[in-house]
1. Which of the numbered conditions does ASN202 fail, given that it passes all the others? Conditions: (1) open to solvent by 80 Å² or more (accessible area, probe 1.4 Å); (2) within 16 Å of ligand 2 (Cβ to nearest atom); (3) assigned by TED's automatic domain parsing to the domain that holds ALA286.
2. For region 142-192, list the strands (runs of 3 or more DSSP E) that sit wholly inside it and hold at least 2 residues that are within 24 Å of LYS210 (Cβ to Cβ) and in contact (Cβ under 8 Å) with a residue 60 or more places away in the chain; which are they?
3. Return a yes/no flag: does region 292-301 have any residue that is buried (at least 21 other Cβ atoms within 10 Å of the Cβ), more than 20 Å from VAL176 (Cα to Cα) and either among the aliphatic types (A, V, I, L, M) or not assigned by TED's automatic domain parsing to the domain that holds GLU71 (or both).
4. Out of (1) more than 24 Å from PHE189 (Cα to Cα); (2) open to solvent by less than 20 Å² (accessible area, probe 1.4 Å); (3) not charged (D, E, K, R), what's the single condition that is false for GLN56?
5. So for region 141-153 (the condition being surrounded by fewer than 19 Cβ atoms within 10 Å (Cβ to Cβ), away from ligand 2 (no atom under 16 Å from the Cβ) and either more than 24 Å from LYS225 (Cβ to Cβ) or among the small types (Gly, Ala, Ser) (or both)), does at least one residue qualify?
6. Could you tell me whether ASN42 is modelled with pLDDT of 95 or more and open to solvent by 60 Å² or more (accessible area, probe 1.4 Å)?
7. Report, by residue number, each residue of region 108-136 that is within 16 Å of ligand 2 (Cβ to nearest atom) and either open to solvent by 50 Å² or more (accessible area, probe 1.4 Å) or part of a strand (DSSP E or B) (or both).
8. In region 254-266, which residues are in contact with a Cys (Cβ under 7 Å, 6 or more places away or on another chain) and open to solvent by 10 Å² or more (accessible area, probe 1.4 Å)?
Amino acid sequence: MSINALGIIGSGQLGSLLCQAAKKLNIKTIVISDDENGPAQNYSDKFIFSKYDNKQKIKEFISEADVITYEFENIPINILKDIDKEKKVLPKPEINKIIQNRQLEKTFVNNLGIKTTKWAFIKSAKDVEQNQNLLPGILKTNTLGYDGHGQYVLNTLNDVKKDWCFTADYILEKRVNLKKEISVVATRFKNKEIYIYEPIENIHKDQILKYSKIPADINPDIFKKAHHNAEIIANKLDYIGTMCVEYFVDQEDNLLVNEIAPRVHNSGHLTINAFNISQFENHIRAVCGLKRENVKKIANAEMVNILGSEIQDYRKRSFETDKYFFDYGKKIIKEKRKMGHLTILKR
Ligand code: ADP
Ligand code: MG
């Protein structure tokens with residue numbers, strides 16, 4: 001069956017960029033979002049403003065789409081599964097269930113024989129005490145984390161506050177002495193073919209991505225292993241669409257999986273200008289059952305995330321050739337909010 005209309009859950013910048021890629025392929029987009037101001041409505045063919053548990057609106061959404069995808073992973077799993085009964089959701093909900101839960105995600109990766117940071121599942125202060133070997137470490141909520149939200153640095157046991165009630169589940173991760181952070185964006189197609197973009201080097205500030213660049217300054221072994229692990233993960237998940245594996249490289253050149261994103265990824269924004277086919281177009285191609293095309297690099301590139309009020313200055317500037325400014329068109333400026341990005345091609 002050929003796909004004419006793609007449903008997208010979520011209306012942020014990832015949704016906007018997916019809609020733009022779909023337009024290029026002549027595929028209609030229907031976006032559903034609980035954010036009335038979600039910028040993707042400026043690019044979609046249809047926008048449905050609704051809570052994700054509104055059965056009526058979900059029904060309308062499903063009826064208009066041939067296949068459904070999502071731009072963020074923190075969607076309640078039962079909602080994805082219900083939608084999937086009517087119209088196919090890709091990547092499949094089962095994948096999202098694993099990845100939106102740090103404990104399941106790390107267990108999955110470790111079971112493939114792939115290293116992650118050292119970690120433990122935490123339900124109480126006593127669990128932290130029993131895992132003191134992981135200090136200094138970072139306590140992360142087991143679900144619903146993004147851009148560093150829900151993370152607490154624990155240098156010593158004294159940092160565990162007596163009055164913390166541990167209402168949520170957590171994992172405690174040993175802090176890695178980072179040499180570098182890299183990510184690998186890959187798209188896997190229905191016929192099981194895969195395209196893996198070259199590793200991207202990332203710099204985070206306050207746990208939020210600030211800069212990305214290609215080529216990543218890494219040795220060939222790490223390049224190969226980062227690609228290989230991403231391929232193993234994508235195959236094991238029987239993944240369809242674009243995904244990203246975030247890695248840490250420690251001072252001893254160990255490559256550790258930090259986390260997997262079951263979606264297009266911020267570090268892959270530079271693929272829009274640096275490749276003939278972006279991570280977004282590849283995602284649309286994969287979930288809509290189109291075949292893999294030849295992907296070619298146009299140029300090396302750097303990307304800068306524009307956060308919070310930084311956008312005001314960018315909005316006044318003009319840009320020379322090979323500098324591409326993306327304004328996500330978000331109405332409300334908040335500190336550290338991703339407002340836009342700039343990609344610079346390096347020729
Ligand atoms: P999020 O889900 O919010 O993206 P991450 O687990 O990817 O959370 O953490 C965000 C950033 O915080 C990482 O990219 C890294 O820079 C830093 N960080 C997280 N965990 C560790 C760790 N165990 N050791 C060192 N740095 C870490
Ligand atoms: Mg992350």
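The values are calculated or read from the model by the stated rules, or taken from the named source; none is laboratory data. The model shown is predicted, which means the values in this text are computed figures rather than measured ones. Cβ coordinates were reconstructed from backbone atoms using ideal geometry, including for glycine residues, and neighbour counts include every protein chain displayed. Side chains are part of the model used for accessible areas, which takes the heavy atoms of the whole protein and leaves out ligands, DNA and RNA. Shrake-Rupley method; radii C 1.70, N 1.55, O 1.52, S 1.80 Å.
1. Going through the list (1) open to solvent by 80 Å² or more (accessible area, probe 1.4 Å); (2) within 16 Å of ligand 2 (Cβ to nearest atom); (3) assigned by TED's automatic domain parsing to the domain that holds ALA286, ASN202 breaks only (1).
2. Answer list for region 142-192: 178-188.
3. yes
4. It is condition (2) that GLN56 fails.
5. no
6. yes
7. Taking region 108-136 as the starting set, the residues that turn out to be within 16 Å of ligand 2 (Cβ to nearest atom) are 109, 116-117, 119.
Matches in region 108-136: THR116, TRP119.
8. Within region 254-266, just HIS265 meets the criteria.
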